[in-house]
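Only one structure is covered here, and it is reproduced in the block below.
The values are calculated or read from the model by the stated rules, or taken from the named source; none is laboratory data. Model, not experiment: these values are computed from the prediction. Here the Cβ positions follow ideal geometry from the backbone for every residue, glycine too, while neighbour counts run over all protein chains shown.
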Amino acid sequence: MAKILILYSSIDGHTKKIGNRLQQVIEEQNHQVKLVSIDDASQVDLQAFDKIVIGASIRYGKHSPKITGFINRNKQLLDSKPNAFFSVNIVARKPEKNQPETNPYLRKFLKQITWQPKELAVFAGKLEYPKYSFFDRTMIRLIMYITKGPTDPKAVIEFTDWQQVESFGRLIGTMPP
Ligand SMILES: Cc1cc2nc3c(=O)[nH]c(=O)nc-3n(C[C@H](O)[C@H](O)[C@H](O)COP(=O)(O)O)c2cc1C
């Protein structure tokens, strides 16, 4: 049995939901999982874990600076254990942009950090116009209009492929410690 940390950054809760599903799948493989928000990362003893997974959503083209800061501060420790990173964004709803090799945000992010995660995943996120502020809703609708996505201001759409999330969970569970 391995002790696995999933550290996430989530603004509207969808990356946390993905983290929850990963936790479920990994625990079904009889491992122990702790799911922690990046905001509480300082309270966690990273050395106590056998594997570390980091996940973050994209907002206006970027993962949270808290995630980048955490990765930069803990690169050596991350490198010393089996590890993985996943990105959640709406662009990944497009089949030609939903792989680690083809998702522009993940490609750019990996160039900005020196950590090279051992496993990578990209998951399509959730669109929830009614929840957004007027400014955010207008901006996202504009981006969606340009990229031929849904623009109905009442739209709530989960683009996530949960089977893909579950496969990633199983992969993490089987990574040798
Ligand atoms: C204000 C805002 C900005 C966003 N910017 C982008 C973006 O630049 N590119 C993208 O692909 N998705 C973008 N998204 C979509 C989010 O990545 C997606 O909704 C994701 O599921 C959010 O995850 P979270 O709830 O864990 O924060 C944006 C969403 C919001 C609300």
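If you go through the stretch 5-30 and pick out every residue that is on the phi > 0 side of the Ramachandran plot, more than 11 Å from the ligand (Cβ to nearest atom) and either among the small types (Gly, Ala, Ser) or assigned to a helix (DSSP H, G or I) (or both), you end up with 0.
For the stretch 103-147, filtered to residues that are polar (S, T, N, Q) and within 11 Å of the ligand (Cβ to nearest atom), the residue that is surrounded by the most Cβ atoms within 10 Å (Cβ to Cβ) is ASN103. Checked against (1) under 25 Å from GLN24 (Cβ atoms); (2) away from the ligand (no atom under 13 Å from the Cβ); (3) at pLDDT 95 or above, MET175 passes all but a single condition, namely (3).
Evaluate the following for GLU158: is it surrounded by 13 or more Cβ atoms within 10 Å (Cβ to Cβ) and touching a strand residue (DSSP E or B) at 6+ places or on another chain (Cβ under 6 Å)? The answer is yes for GLU158.
Any idea which residue in the stretch 73-101 is nearest to PRO150 (Cα to Cα), counting only those that are of a type in the set (S, T, N, Q) and loosely packed, with under 15 Cβ neighbours inside 10 Å? Only one residue tops the list, namely GLN99. Note on the stretch 114-160: residues that are assigned to a loop (DSSP other than H, G, I, E, B) and under 17 Å from ASN89 (Cα atoms) amount to 10. Pairing residues of the stretch 71-90 that are over 20 Å from ARG107 (Cα atoms) with residues that are of a type in the set (Asp, Glu) and surrounded by fewer than 22 Cβ atoms within 10 Å (Cβ to Cβ), at Cβ distances under 6 Å and at least 6 apart in sequence or on separate chains, gives no pairs at all. Within the stretch 37-64, being within 16 Å of the ligand (Cβ to nearest atom) and in a loop (DSSP other than H, G, I, E, B) holds for ILE58, TYR60, GLY61, HIS63, SER64. Is the stretch 85-98 home to any residue that is farther than 19 Å from LEU127 by Cα, away from the ligand (no atom under 11 Å from the Cβ) and either in contact with a strand residue (DSSP E or B) (Cβ under 9 Å, 6 or more places away or on another chain) or not acidic (Asp, Glu) (or both)? Yes, that holds for at least one residue.
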